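A short worksheet on the structure shown next.
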Amino acid sequence: MRILVTGGAGFLGSHLIDRLMIADHDVICLDNFYTGNKQNVLQWIGNPKFDLIRHDITEPIRLEVDQIYHLACPASPVHYQYNPVKTIKTNVLGTMNMLGLAKRVKARFFLASTSEVYGDPEVHPQPESYRGSVNTIGIRSCYDEGKRVAETLAFDYHRQNDVDIRVVRIFNTYGPRMLENDGRVVSNLIVQALKGVPLTIYGDGSQTRSFCYASDLIEGFIRLMNCDYVGPVNIGNPGEYTILQLAKTIQEMVNPGVALKFEPLPQDDPRRRKPDITLAQKLLDWEPTVPLQEGLSRTIADFRQRLGSEVVASAVLR
Ligand code: NAD
Ligand code: UDP
């Protein structure tokens, strides 16, 4: 098949492209390199089955493809809040452009939505039927509401124009290739521990998240794309940890001597989050297989290699 991956040079997009290339598909990676980079797909450049297009999805594009995995959108609060209006344009205009493309060429369209559509949830864990508690005017709204509109657009194109859609709601995912300055908690804490600077904990660290390793998530993507159910389907790891527990785990694994530093909790930071994955288990026979410690070890190894001489001596290999 000929498959388009928007945001393909980013963290998750590049892992997805690896899987699709290994399965012998023709893959087009489309990216504006805002938070992605060529390095992530370097191994495929020059391969006759791979194309890389620098393009911003807020502008339309004409391509002939069978499937579209639509991932283009900055995912880290630091990056999506840097230019919030652009984030909304990416989610709304960008998603409309990609749905328009899917409609024209009759491609199956996969939307990378997010657990952020549940906002600061009053229901725990969060099933797909929960409609969410989202602030429309806060600093996270450009992303949360942008993704909610993206879901609405996908379902309206489906009902009105018969576009064949799949919608996944992704919960916090981590792994190799996250940017050093990504700003999300797992990469921040690992980079800080390797550099020997205090680990930043926002608030008192009692808020929770559930962390899924990238390869588990990508397996869920591929199963959902190739099944008959349109979604939305939660994909995430139900193992729930407080941020303080995560920080202590990384401190222990990388650099026990490094300090913890408490900083103010950002506005609208969700108190807790954990996916209900009953639907994915039943429908896709999917569940995560990589435990947190193992996923963290692999991610730490990747950062250790990329940071090279910036890694302090106290960050010993264990
Ligand atoms: P990422 O920031 O590493 O990747 C996003 C990619 O999209 C980057 O390569 C970026 O350059 C590209 N991009 C951004 N705006 C664009 C535009 N206007 N035009 C073209 N390309 C653009 O983030 P990620 O973690 O790989 O996330 C991928 C997708 O998954 C995003 O849609 C994100 O919202 C969603 N998601 C991720 C997580 C997670 O924990 N990683 C959780 C929920 C949802
Ligand atoms: N966080 C933290 N220290 C950091 C970065 C993030 O304590 O250096 C907290 C953040 O306030 C949130 C949680 O970790 O409660 C997850 O943040 P992240 O940005 O990774 O994802 P999201 O909030 O979008 O789930």
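Please treat every number below as a calculation from the coordinates, not as lab data. All of these numbers come straight from a predicted model, not from anything done at the bench. Glycine gets a Cβ as well: all are built from the backbone with ideal geometry, and neighbour counts include every protein chain shown.
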For residues in the stretch 15-38 being of a type in the set (D, E) and surrounded by fewer than 23 Cβ atoms within 10 Å (Cβ to Cβ), which is nearest to ligand 2 (Cβ to nearest atom)? D18
Exactly one of G205, G146, G132, G183 is within 13 Å of ligand 2 (Cβ to nearest atom) and within 20 Å of the chain's Cα centre (by Cα), and that one is G183
So how many residues does the stretch 19-37 have that are part of a helix (DSSP H, G or I) and touching a strand residue (DSSP E or B) at 6+ places or on another chain (Cβ under 7 Å)? 2
Examine the stretch 251-270 for a residue that is assigned to a helix (DSSP H, G or I) and within 16 Å of ligand 2 (Cβ to nearest atom), and state whether such a residue exists. yes
Take the residues of the stretch 87-106 that are among the polar types (S, T, N, Q) and within 20 Å of the chain's Cα centre (by Cα): which is surrounded by the fewest Cβ atoms within 10 Å (Cβ to Cβ)? T87
Can you tell me which residue is nearest to C73 (Cα to Cα) among those in the stretch 39-60 that are among the aliphatic types (A, V, I, L, M) and surrounded by 13 or more Cβ atoms within 10 Å (Cβ to Cβ)? I57
For the stretch 184-204, which residues satisfy the criterion of being within 16 Å of ligand 1 (Cβ to nearest atom) and in contact (Cβ under 8 Å) with a residue 24 or more places away in the chain? R184, V185, V186, S187, L189, I190, V191
Filtering the stretch 62-80 for residues that are in a loop (DSSP other than H, G, I, E, B) and more than 13 Å from ligand 1 (Cβ to nearest atom) leaves a count of 5
Strands (runs of 3 or more DSSP E) enclosed by the stretch 153-231 - at least 3 residues per element that are buried (at least 22 other Cβ atoms within 10 Å of the Cβ): 165-170
